[in-house]
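The values are calculated or read from the model by the stated rules, or taken from the named source; none is laboratory data. It should be emphasised that the depicted structure is a prediction, and the values quoted were computed from it without experimental measurement. Cβ atoms come from the backbone with ideal geometry, glycine included; neighbour counts cover every protein chain shown.
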Amino acid sequence: MPDAWISTHPFTTGDGLALNLTRFQRGESDDVVLLVHGLTASSDLFIMPEHYNLATYLLDHGFPDVWTVDLRLSNRYPYNTEPGDFSLDDVVHYDHPAMLAELRRHIGQRRLHVVAHCLGSTSFAMSLAAGTVKGITSMVAQSVGLVFKVPGWSQWKIELAPTLLEHVLGVSAIDPRMGSSARFTRSWALSRLVSLGHPECDNSACHLVSLMWGAGWPALYSHANLEPETHDRIADLLGPTGLQYYRHIRKMVRAGRAVKYAAPGDRRHAALPDDYLAHAADISTSILFMTGQDNHVFADSNVVCHRRLAQEAPGRHELAVLPGYGYLDPIIGKRAHVDVFPVILDFIQRRAV
């Protein structure tokens, strides 16, 4: 990061996981920005070297104190592929409060703005609704928030895939790098089968992330919006995940909203709401619900979510629909600094008062 002092800040969650914050600082500021990744991604989304990335853009445009975080959802850790029963409830209950405590230890009570993508966005919005995080000045919820709507093909996949992968193929996690597995293994065969349905490019990792997260050719972005280097390393940016998170997503897709996954007898998360959207009126943080017009992962979830929250708190929240963009290219697109980042910047600037 040009001219920025970079420091790392490890923290431990309430259930004992070691996670990490990274600070990019050029000076002092009354306003701090935190960038939050989604499932199978990492803080790499915001510091990519092949295009003008979001962290650098914010540093260059009046926000000299930018932080990124790697939650238990990050592909930098093994946590999301190890056997276990993690769900977004764990992120809400343990990760975000511990993250904010460590961050506040360094920045005090300065204004804090959060830009979050995908299930990082959902989990942070869930945390606001549940009250496990407080004192957030503004939030940009990229791609999805507290409402879950997915394309029809994705509904079928989320219903069937966990059972098929585990009990038919004997696969406990799904990885964009399956195409690099030894020939004739189950992982290799699954990758080859998926690639048969994706003639749009020759990158098997691109085909697999379409299978993992959306419905389209490709599902997550427009090829035209990416630098070739970004497309070539999509498996670096979007890693593997175990299937337990899919079960929580499935429950939310069925409900059409963010709901608790934990069973009634699971006392770990007893304090969390069963229906996070039902507590949306309690969110005092101003939220920009942002989505690509061609979002083939979460469709118009953010449009519907904004409509719902606008009824609860008129004038508090905003909506931005990005023409020509999909699910992930608003963050990793080669022209995002021209088409998307100014929208984020404008929203944050108007709350930095």
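Tabulated results
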| read-out | value |
| --- | --- |
| Residue check for SER123: closer than 27 Å to GLY333 by Cα and over 16 Å from the mean Cα position of the chain (by Cα) | no |
| Meets criteria (in contact with a His (Cβ under 7 Å, 6 or more places away or on another chain) and in a helix (DSSP H, G or I)) for SER127 | yes |
| Residue satisfying all of: in segment 31-47; β-branched (Val, Ile, Thr) and assigned to a loop (DSSP other than H, G, I, E, B); farthest from ILE331 (Cα to Cα) among these | THR40 |
| Cβ-Cβ under 9 Å pairs, at least 6 apart or on other chains, segment 26-41 side on the phi < 0 side of the Ramachandran plot and surrounded by fewer than 24 Cβ atoms within 10 Å (Cβ to Cβ), far side aliphatic (A, V, I, L, M) and assigned to a loop (DSSP other than H, G, I, E, B) | ARG26/MET1; ARG26/ALA4; SER29/ALA352; ASP30/ALA352; ASP31/ALA352; LEU34/ILE136 |
| Residues that are out of contact with any strand residue (DSSP E or B) (no Cβ under 9 Å at 6 or more places or on another chain) and either modelled with pLDDT of 95 or more or within 13 Å of PHE148 (Cβ to Cβ) (or both), drawn from segment 296-313 | HIS296, VAL297 |
| Residue that is in a loop (DSSP other than H, G, I, E, B) and either under 27 Å from THR241 (Cβ atoms) or among the hydrophobic types (A, V, I, L, M, F, W, C) (or both), where the choices are GLU28, GLU50 | GLU50 |
| Given (1) closer than 29 Å to ALA278 by Cα; (2) surrounded by fewer than 19 Cβ atoms within 10 Å (Cβ to Cβ), index of the condition SER180 fails | (1) |
| Wholly enclosed helices (runs of 4 or more DSSP H) of segment 170-250 bearing at least 1 residues of a type in the set (A, V, I, L, M) | 186-196, 204-213, 234-237 |
| Of the criteria (1) at pLDDT 95 or above; (2) under 19 Å from GLN142 (Cα atoms), which one MET212 fails | (1) |
| Residue match in segment 322-332 (condition: at pLDDT 95 or above, of a type in the set (Val, Ile, Thr) and farther than 13 Å from GLN142 by Cα) | no |
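Here's the yes/no breakdown for (1) within 14 Å of the chain's Cα centre (by Cα); (2) under 22 Å from MET212 (Cβ atoms); (3) outside any helix (DSSP H, G or I); (4) in contact (Cβ under 8 Å) with a residue 60 or more places away in the chain:
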| position | (1), (2), (3), (4) |
| --- | --- |
| PRO83 | no, yes, yes, yes |
| PHE86 | no, yes, yes, yes |
| ASP89 | no, yes, no, yes |
| ALA101 | no, no, no, yes |
| ALA116 | yes, yes, yes, yes |
| GLY135 | no, no, yes, no |
